[in-house]
């Protein structure tokens with residue numbers, strides 16, 4: 001059986017966080033809008049996840065796993081809670097926002113919106129994009145009977161970007177649908193690329209230009225939807241302890 | 001799939017929680033019902049449903065996420081023993097997003113990476129953020145790493161401190177109860193939260209090798225799902241699915257399970273959904289399976305909960321005994337037909353072979369872990 005891992009669909013796009021950060025910057029006057037964007041931006045991320053799933057064609061959501069990475073998760077929820085508590089405004093804490101306090105809240109929403117009922121995990125940290133990809137590949141090697149929606153999202157606040165020596169960056173989400181080659185062939189799915197293993201390597205000495213967990217997955221998505229892109233692409237990211245890299249070989 | 005999967009065993013434990021520091025202190029707390037839940041003084045709880053939280057007695061150090069890191073370090077060092085640290089992977093679950101507001105040089109959202117640096121572990125470091133099921137989900141993630149030979153040893157579990165954000169956030173969701181956790185009791189009103197850290201050391205185990213050291217337990221199966229109809233409410237069918245996936249992963253049938261350690265948070269919705277799920281899996285046999293929840297004594301260790309509860313299963317297997325569900329009486333009539341462990345001390349079960357631990361998290365996350373005697 002061919003148990004190599006293939007990509008059968010991708011989706012990647014901006015999650016415009018400008019108004020969220022404006023609302024944060026407005027202090028107490030912006031809290032209502034912060035609550036609104038805290039609810040709405042995860043919906044935009046889930047919408048992009050849905051595009052990837054739709055691109056994969058006829059897959060069973062009941063068998064589909066979901067593995068998501070993020071450097072910062074929805075850490076802005078903690079930032080606004082901190083600001084409100086420091087201002088003595090405990091009554092302004094929004095219970096519906098607390099659903100996103102932990103990075104898994106967005107993952108949960110993706111599962112809920114698309115009725116995914118398979119294995120589910122959220123990875124947090126600087127290498128999370130490719131760590132999530134490695135985790136998804138392990139799942140396919142051990143239980144390759146269903147696809148894995150593997151993705152990353154980032155809503156890096158200006159403070160969080162500065163803390164990582166980065167200029168502010170807009171929000172982003174990127175998703176790949178992974179399957180075993182055998183499973184993809186069995187259901188007649190179009191294969192975009194064959195994926196090599198995620199390898200650990202020494203972390204690069206210089207900080208990457210794009211520190212978002214979405215960067216490597218978005219790069220893969222861009223290459224796989226560009227007919228003029230090279231046939232083989234290697235993406236890499238620096239985690240706290242190790243570097244990670246992965247190579248995709250386009251098919252078709 | 002053709003991939004070779006190694007059997008994965010638990011070979012070491014480390015813990016600090018409201019029962020104290022170290023594995024013997026945890027077992028003492030579970031069997032006596034005594035743990036440390038002092039009034040909260042680090043922040044103002046006026047107007048909140050609860051004014052106390054589980055605290056690790058005698059453990060000083062930083063606060064917030066730095067305290068979570070301190071607690072994790074304590075647990076990891078206990079579990080490591082004299083293991084060569086170069087290749088050891090560390091997988092930690094947490095609910096905390098990190099230092100807020102973020103500042104240069106402060107770690108945010110990578111508890112495992114920071115703890116690996118402190119403890120000198122050279123393998124993969126993965127931080128898992130699966131809400132209250134983070135610790136249990138981390139165990140499932142680490143199991144895959146070891147089973148596939150990508151890490152010769154993994155230290156895995158979860159850790160969290162009690163912060164004003166998490167505590168008052170849960171209060172805003174009306175999740176806290178005035179008496180902490182009273183699982184399966186008619187008196188339950190919500191949860192109490194605790195700080196703490198718990199980790200298991202996982203290694204491959206060749207049961208056929210004559211010179212293999214007998215481990216504490218075998219991690220036989222894992223099942224993870226995120227399935228619910230509403231982000232703020234658990235779904236019985238999602239919990240049921242997680243248990244069925246764990247059974248299939250372990251190659252076991254429902255009748256092979258000897259003991260169930262529940263998530264048992266002490267919320268009406270949580271307890272009810274979990275019992276409904278267990279009834280669906282085990283049918284009428286559920287009434288003859290000992291069932292407990294350790295949250296009545298430890299309260300909810302947040303990111304560490306799933307790990308300390310997995311550890312309770314391992315300890316039950318090694319001691320041949322299960323521990324009481326403290327605070328459960330008077331028992332809710334929906335549990336009247338269950339064999340809820342309610343004695344004043346451990347119940348001896350010399351024939352105990354397999355234990356199932358269920359954990360759930362906000363957003364509909366469900367995990368099921370099955371441990372068996374080697």
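Just so it is clear, none of the values below were taken in a lab; they were calculated from the coordinates. Just so you know, these numbers come straight off a predicted model, no measurement behind them. Counting neighbours? That spans all protein chains shown, and the Cβs are built from the backbone with ideal geometry, glycine included.
Neighbouring Cβ atoms from other chains, within 10 Å of the Cβ of residues in B:162-175, number 5 on average.
Solvent-free Debye calculation, one equal scatterer per alpha-carbon of the range B:8-204: log10 I(q)/I(0) at 0.10, 0.15, 0.17, 0.19 Å⁻¹ equals -0.41, -0.90, -1.12, -1.33. Against the main long axis of the alpha-carbon atoms of chain A, helix A:31-55 sits at an angle near 10°. The mean number of Cβ atoms from other chains found within 10 Å of a Cβ in peptide B:12-20 is 0, as a whole number.
Estimated from helices alone, the mean residue ellipticity of chain A at 222 nm is -11500 deg cm²/dmol (sum of -39500 (n - 2.57) over DSSP H runs with n ≥ 4, per residue).
Under the shape rule built on the C-alpha gyration tensor, where the axes satisfy a ≥ b ≥ c, the range B:49-115 is oblate, since a/c reaches at least 1.5 while a/b does not exceed b/c. Peptide packing: for A:71-83, A:18-30, B:240-252, B:205-217, the average count of neighbouring Cβ atoms within 10 Å per residue gives the ranking A:71-83, B:240-252, A:18-30, B:205-217, highest mean first. Mean sequence separation of contacting Cα pairs (under 8 Å, at least six apart), scaled by the length of the range B:220-372, corresponds to a relative contact order of 37 percent. Its relative contact order, with pairs defined as Cα atoms under 8 Å and 6+ residues apart, puts chain B at 23 percent. When you work out D = kT/(6 pi eta Rh) for chain B at 25 °C and 0.890 mPa s, using the Kirkwood radius from C-alpha pairs as Rh and the Stokes-Einstein form, the result is 123 µm²/s. By DSSP, the beta bridges lying fully in the range B:8-204 are antiparallel in about 60 percent of cases.
Taken over the range B:297-374, the convex hull of the Cα atoms encloses 116 Å³ per residue. With one equal scatterer per alpha carbon and no solvent term, the Debye-computed log10 I(q)/I(0) for the range B:131-197 at 0.20 1/Å reads -0.85.
Expressed in units of 2.2 N^0.38 Å, where N is the residue count, the Cα radius of gyration of the range A:5-250 is 1.01.
Across the range B:220-372 the C-alpha pair distances fall into 5 Å bins from zero in the proportions 2, 10, 21, 25, 23, 14, 4, 1, 0 percent.
Normalised by 2.2 N^0.38 Å, with N the number of residues, the alpha-carbon radius of gyration of the range B:234-296 equals 1.06. Taking only the C-alpha atoms of the range B:9-106, Rg followed by Dmax gives 15.9, 50 Å.
Of all the C-alpha pairs in the range A:174-236, what % are more than 18 Å from each other?
Numbers: 926 of 1953 pairs.
Summing the P(r) of the range A:174-236 above 18 Å gives 47 percent of all pairs.
Peptide packing: for B:257-265, A:84-92, B:96-104, the average count of neighbouring Cβ atoms within 10 Å per residue gives the ranking B:257-265, B:96-104, A:84-92, highest mean first.
Taking only the Cα atoms of the range B:159-261, the radius of gyration and Dmax are 18.6, 56 Å. Treating each Cα of the range B:61-178 as an identical point scatterer and summing with the Debye formula, the log10 of I(q)/I(0) at q = 0.10, 0.16, 0.22 Å⁻¹ comes to -0.31, -0.74, -1.22.
With the convex hull constructed from alpha-carbon coordinates only, the range A:137-252 shows a mean projected area of 8.2 nm² over all directions. The listed peptides B:271-279, A:211-219, ordered by packing as a protection proxy, come out as A:211-219, B:271-279 (highest mean of other Cβ atoms within 10 Å first). Taken along its three principal axes, the alpha carbon spread of the range A:7-108 comes to 51, 23, 20 Å, from the longest extent down to the shortest.
Inside 10 Å of the C-beta atoms of A:77-84, what's the mean count of C-beta atoms belonging to other chains?
Average neighbour count from other chains, rounded to a whole number: 5.
If you take every DSSP beta bridge whose two residues both sit in chain B, what share of them, in percent to the nearest 5, is antiparallel? Here the share of antiparallel DSSP bridges comes out near 70 percent. Over the range B:8-204, Cα pairs under 8 Å with separation of 6+ residues give a relative contact order of 30 percent. Both the radius of gyration and Dmax for the protein assembly as shown are 22.5, 72 Å, in that order, over alpha-carbon atoms. Which residue fluctuates the most in chain B, going by a Gaussian network model with Cα springs under 10 Å, if the choices are B:327, B:361, B:229? In this elastic network of chain B, the residue with the biggest mean-square fluctuation among B:327, B:361, B:229 is B:229.
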